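Down below is the structure, laid out as C-alpha cells.
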Amino acid sequence: MNKLSPTAEKKPRKYCPINRSIQAKILGESIGQTQRDLAEKYQIPRTTLQHWIERKKKLEGKIDPNIVEFFESSSGQAWLHNMYIATFLIFHHNGNSGIPDLHEYFEMTGINRCVGTSISALQKVSKTLDMQIIAFGNEESERLAKNMPHKNISGALDENFIMDEMTLILMDPVSGFILAEQIEEKRDAETWCEVTRTALKGLRVSIQQVVGDEATGLTKLATGALNVMKGPDLFHIQQEITKGLTSHLARACQQIKKKQEELRQEKLEALTKFKDHLKHVEEIHELSKRGVNAGKRIIEIEKEEKLNQKKIEIAENRYKSAQEARRSITDAYHPFSLDTGGKQSLEDVKKKLKQSYATLEAIAKEADCSDKQKQKIEKSKGALDSMIAVLIFFLSFLALTIKSMGLDETSEKLFERIVSIEYLKLCLQRAKKKRQKEVINSPYASKNK
C-alpha cells in the first residue's frame, strides 16, 4: 500500500489576495504592535507581513519619504488606483496609446515603484477593463431598456478596420449611441442582419431608415430584412468625387507648380553663368559660344515659364471649379434651402445635383482623367436617386406629422416655418468653414432665430 509522504499529506496552503489599500491600513497599525499579534489579528502569514514591510523599506532612498508615506497609506493607494484606471481609459481605450506606451509612461513618472506596470501586468489590467466595460454596457442597456419609451431611429451603418480586423458598427446618428461594434469576417446582408438583430434585442427601438454607403449588403439589409428606406451616406458620395477627380486635380496642380519652381531655379543658374561670361568681354558680340548658349537658354526658359504659368492658371481654375461643384452637392442636398430657409422643390434639387455632376464630368474629361477615375464620379452620381428618396421621406414624414396635429392651414405653415428655422440652426452648428456659415446665416435665418 502506497503511503503519502508527510509533505504531501499537509493541507494545501490557501492563497488569499489582499487589496493594497487594506495592506496599507494593516501596515499603518504596525507601529506599537508586534508582527505576530498583527498577523494573528488579520489572519495573514507573518512572512506576508514581513514582505510588505520590506517592500516599503526598499523604497527608502529612492523616493521622497513623504511620497512613500503617502502612497503606502490607504488614501495614497486610492489615489494611485484612480490615476492608474484613468490613464488606461483616457490614453489606451479612448486614445491611441498602446500598452508599451503606458509602460514607458509609468516608468518615467516613477509610478512603477509603487504599482505593477510590467507589460504582462498592464495587459491583464487592459483585458479586465475590457470585460468590465462590456459587462457594464450590457447591464445598463438591459436596465434602461425596461422603462424606456418606444423610439424610432435612423440606423447609421459602416465597417471600420482596426488592427487588421473588420468591425461592423451600428449607431444612432442623433444621440451618437453605438448600438453595435462587432468584429466580423463578412459584411454581407446576413451578417449585418444578425449584428442588427443582436444590437436591438431587448431595446424598444425601431429602425425607420438605414444610412450608409452603397454596399450591396447594406442595401439588402434595408430593403429586405428591415424593409425600410436606404439612404446614401454623404461622406462616401463626396469621397468618391475626391478619389475620382479633386485629388487628381490637386496632384496635377502641384506637379505643374513644381515644374515652374524648377524652371525658376534653372533660370537663376543660367543668369549666374551668363553674368560670369559677360565679365570676360567688353561687348556682347565677343561672347563665347557657351555664353551665347546661356543667353539663349534664359530666353527659352522665360517662354516656358509663361506657357507653364498658363497651365497653372488652368489647373487651379479646374480644381476650384471641381471643389465648388462638389460643395454645391452638399449645399443642395437639404429639404430646406440654405439661402432662403424655404422648402425646396424636389425637381429643383434634382436639377442642381445633375448640374453639379455635369460640371464634374466635364472637368474630368478636360483633365484627361482615367476610366477608373471617371468610374468613381459615376459611382457617386449613382446615389442621386437615393438622395432624392431621402428628401421625399423627410418631407412626407413632416407632412404626416403636421396633419396629425390637427392644425389649421395658417398654423401648419407656421409650424413648417419653425421646423425650417430649427433645421438651419442645426446646419449652422455643423458648419465648419466661414463660407458655409455665411450662406446658412442668411438674412432669413438671422431674422427668425
Pairs Lys243/Lys306; Lys257/Lys374; Lys374/Lys437; Lys243/Lys434; Lys257/Lys381; Lys352/Lys374: which exceed 28 Å Cα-Cα? Lys243/Lys306; Lys374/Lys437; Lys257/Lys381
GluC sites (Glu not before Pro) within the stretch 245-319, DSSP loop, no more than 12 other Cβ atoms inside 10 Å: Glu282, Glu283
Only bridges whose two residues both fall in the stretch 149-232 count here: according to DSSP, what percent of them are antiparallel, nearest 5? 55 percent
Given Cα pairs under 8 Å that are at least 6 residues apart, what percent is the relative contact order of the chain? 10 percent
Cut-off 20 Å, label point 7 angstrom out along Cα-to-Cβ of Leu144: give me the residues of the stretch 171-213 whose amide nitrogen falls inside. 171-182, 196-208
What is the calculated FRET efficiency for Val174 to Asp368, with r their C-beta to C-beta distance and R₀ = 51 Å, to the nearest 0.05? 0.70
If you place +1 on the Cβ of every Lys and Arg, -1 on the Cβ of every Asp and Glu, and leave all else neutral, what size is the dipole of the chain about its Cα centre, to the nearest 20 Debye? 440 debye
So which of Lys146/Lys230; Lys258/Lys310; Lys273/Lys303; Lys151/Lys201; Lys320/Lys365 end up more than 21 Å apart by C-alpha? Lys146/Lys230
As straight-line cross-link partners of Lys124, the qualifying aspartates and glutamates (C-alpha separation under 19 Å, not fewer than 8 residues apart within one chain) are Asp101, Glu104, Glu107
Highest GNM mean-square fluctuation, the chain, Cα pairs closer than 10 Å: which of Ile133, Ile329, Ile111? Ile111
Eligible aspartates and glutamates near Lys379 by straight Cα distance, threshold 14 Å, same-chain separation 8 or greater: Asp213, Glu214, Asp233, Glu240, Glu361, Asp371
Only one of the listed values, (i) 24.0; (ii) 21.3; (iii) 30.1, was derived from the coordinates as Kirkwood radius over Cα pairs in Å; which label is it? (iii)
FRET E, pair Glu165, Glu316, Förster distance 60 Å, beta-carbon r, rounded to 0.05: 0.90
In terms of Cα to Cα distance under 14 Å, which aspartates and glutamates are near enough to Lys351, apart from those fewer than 8 places away along the same chain? Asp331, Asp385
Residue span Glu266 to Gln254: 0.36 nm per residue of separation minus Cα-Cα distance leaves a gain in nm of 2.5 nm
The stretch 71-97 scanned against label point 7 Å out from Ile133 along Cα→C-beta; backbone N under 17 Å for 82-97
Using a Förster distance of 60 Å, the FRET efficiency for Glu69-Gln182 (Cβ separation, nearest 0.05): 0.80
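Each reported figure results from applying straightforward, stated rules to the coordinates on display, with no laboratory input. Because the structure is predicted, anything quoted here is derived from the model rather than measured. Because the Cβ atoms are built from the backbone with ideal geometry, glycine has one as well, and the counts that use them run over all protein chains shown.
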